[in-house]
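Colleague: Please find one structure pasted underneath; my questions will follow.
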């Protein structure tokens with residue numbers, strides 16, 4: 001699935017920095033963050 005995501009430049013820069021530190025692509029980092037967020041939400045039910 002393809003998705004266009006518009007985010008503020010400041011958030012993009014911070015996300016890029018985190019992705020580089022974690023040795024992931026920005027796309028990979030976004031997927032990782034979303035997965036962790038969903039897991040957290042599901043475990044809090």
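The numbers here are math on the coordinates, done by the rules we state, and not lab data. Treat the numbers as computed from the prediction; the structure is a model and nothing was measured.
Colleague: How far is helix 26-43 tilted, in degrees, relative to the longest principal axis of the Cα atoms in the chain, given as a value from 0 to 90 rounded to the nearest 10?
Modeller: Approximately 20 degrees, to the nearest 10.
Colleague: While we're on this one: Where is the GNM fluctuation largest for the chain (alpha-carbon springs, 10 angstrom cutoff): 26, 34, 18?
Modeller: In this elastic network of the chain, the residue with the biggest mean-square fluctuation among 26, 34, 18 is 34.
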